[in-house]
1. Inside segment 353-401, can you point out the residues that are small (Gly, Ala, Ser) and in a helix (DSSP H, G or I)?
2. Go through segment 117-175 and give me each residue that's of a type in the set (D, E, K, R), under 18 Å from Thr23 (Cα atoms) and under 14 Å from the mean Cα position of the chain (by Cα).
3. If you check Leu97 against the conditions, is it in a helix (DSSP H, G or I) and either under 18 Å from Arg47 (Cα atoms) or at pLDDT 95 or above (or both)?
4. Right, Asp25: under 19 Å from Val103 (Cβ atoms), charged (D, E, K, R) and at pLDDT 95 or above or not?
5. Condition (residue is among the β-branched types (Val, Ile, Thr), at negative phi and in contact with a Gly (Cβ under 9 Å, 6 or more places away or on another chain)) applied to segment 55-64: is it met by at least one residue?
6. Applying the selection to segment 103-160, what residues are in a helix (DSSP H, G or I), among the charged types (D, E, K, R) and buried (at least 24 other Cβ atoms within 10 Å of the Cβ)?
7. Looking at segment 198-217, which of the residues that are surrounded by fewer than 19 Cβ atoms within 10 Å (Cβ to Cβ) and touching a Cys at 6+ places or on another chain (Cβ under 9 Å) is modelled with the lowest pLDDT?
Amino acid sequence: MSCPAAVQQLTILGSTGSIGVSTLDVVRRHRHRYRVVALCAHRQVDRLFEQCVEFQPQHAVVGDARLAADLAARLAGAGCPTEVTHGAEALVRMAQLPEVDSVMAAIVGAAGLPPTLAAAVAGKKILLANKEALVMAGSVFMRAVRENGATLLPIDSEHNAIFQSLPSGYSGDPAESGVLGLFLTASGGPFRTMAPADLESVTPEQACAHPNWVMGRKISVDSSTMMNKGLEVIEAHWLFNIPAERIQVVIHPESVIHSLVQYADGSVIAELGNPDMRTPIAHALAYPRRIAAGVAPLDLCTIGSLHFERPDLGRLPCLALAYRALRDGGSAPTTLNAANEVAVQAFLDGRIGFPAIPRVIAGVMDGLPAGKALGSLSEVLTADRLAREAAEQWLVQVARQ
């Protein structure tokens, strides 16, 4: 008879976003296995209030003092004893709480790097949905994981699929394991078949309407430009120690095969499932066990057929820019990520058009040489700041064109 698993104590960074909401849905189905210790959000106080009332965490974090005071008053009125704090330092504390076993790192963008790195330094089990931690600071982050005995489990559906398709206990040496390369699948986003001339008139609402996945606005735009897949290529390099030339992207519109691993003996192993983020979340939460995620079983006969095609880098150049950044090394991935965040926000705000996003990123990368490898969080944040400043200057130039 097997012993029951100990209750896992969780901090959720980004609890009100799509990944955070899906994580809490899985937790809701297995309350005997998981205890939510801390919920962290930015500005979605109404949703965070509801989450705190339901899950009764010890701690909640929001973006600023005004929101914290508002949330604390509402929770007190509801009889919820959750302690409310605010700011970036509070996020770091929640990632390092001694009683916490696992940290769901689901804050989008560069803001998620410091608390996610703090979780690695504290030796936590990290459920990594914040791809920027590896894109911006791959060397720094992976060193922290190794030196502090942290456990790193990928949540992105593609990387989780690769993790499941690699040999158990994969050492990070592809030659030793007979791994030839990786295939990252991509839906192609909402503009896969759109004529290049029509991209000029794309609106933020169109870019955020993903055909298969429910995601936040920034990630949805990244998917429509293929930058999301480019960031995943960089992330896969750091997670699995695979060089850029052996990581291929394949357009797969059905989003049923989430990624594949190619082996020296001719085998190709894939992970399949319906497009629902609760599957990789449940896998990582329970690893190495398996638990129900609330996801419908995959019916291949209903799907009928699966399709694949090569991406057209000429139509959507962000993927090519990401490969360039990975090959250039040094600060190039940090520059790429920062410039992309600025450009995407400018598009969402109506300051630039959709095709200007890669133009801004390319301009910033051309103006900021990659240089040497970044060796500390301070160096990463400096490179991030310089790239954001350069991107803002490029926005002015692009807006005049």
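1. From segment 353-401, those small (Gly, Ala, Ser) are 353, 356, 362-363, 367, 370-371, 373, 375-376, 378, 383, 387, 390-391, 399; that's our starting set.
Ala356, Ala362, Gly363, Gly367, Ser378, Ala383, Ala387, Ala390, Ala391, Ala399, listed by residue number.
2. Restricting attention to segment 117-175, the residues satisfying the condition of being of a type in the set (D, E, K, R) are 124-125, 131-132, 143, 146-147, 156, 158, 173.
Imposing the further condition that a residue be under 18 Å from Thr23 (Cα atoms) reduces the set to 124-125, 131, 156, 158.
Within segment 117-175, Lys131, Asp156, Glu158 qualify.
3. Numbers: in a helix (DSSP H, G or I): no; either under 18 Å from Arg47 (Cα atoms) or at pLDDT 95 or above (or both): yes.
It is false that Leu97 is in a helix (DSSP H, G or I) and either under 18 Å from Arg47 (Cα atoms) or at pLDDT 95 or above (or both).
4. On the way: under 19 Å from Val103 (Cβ atoms): yes; charged (D, E, K, R): yes; at pLDDT 95 or above: yes.
So Asp25 passes the test.
5. Step one: list which residues in segment 55-64 are among the β-branched types (Val, Ile, Thr), which gives 61-62.
From the residues that got through so far, the ones that are at negative phi too are 61-62.
So of that shortlist, the ones also in contact with a Gly (Cβ under 9 Å, 6 or more places away or on another chain) come out as 61-62.
Among the residues of segment 55-64, at least one is among the β-branched types (Val, Ile, Thr), at negative phi and in contact with a Gly (Cβ under 9 Å, 6 or more places away or on another chain), which makes the answer yes.
6. Here is the first cut: in segment 103-160, the residues in a helix (DSSP H, G or I) are 110-121, 132-147, 157-160.
Next cut, among the charged types (D, E, K, R) only: 132, 143, 146-147, 158.
Within segment 103-160, Glu132, Glu158 qualify.
7. Gly216
Residues are listed down the side, and each one gets a yes or a no for (1) part of a helix (DSSP H, G or I); (2) touching a residue at least 24 places away in the same chain (Cβ under 8 Å); (3) within 24 Å of Ala282 (Cβ to Cβ); (4) out of contact with any Lys or Arg (no Cβ under 8 Å at 6 or more places or on another chain):
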{"residue": "Ile19", "(1), (2), (3), (4)": "yes, yes, yes, yes"}
{"residue": "Glu50", "(1), (2), (3), (4)": "yes, no, yes, yes"}
{"residue": "Ala68", "(1), (2), (3), (4)": "yes, no, no, yes"}
{"residue": "Ala72", "(1), (2), (3), (4)": "yes, no, no, yes"}
{"residue": "Leu75", "(1), (2), (3), (4)": "yes, yes, no, yes"}
{"residue": "Val84", "(1), (2), (3), (4)": "no, yes, no, yes"}
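The values are calculated or read from the model by the stated rules, or taken from the named source; none is laboratory data. Just so it is clear, the model here is predicted, and its values are computed rather than measured. Reconstructed Cβ throughout: ideal geometry from the backbone, glycine too, with neighbour counts over all protein chains shown.
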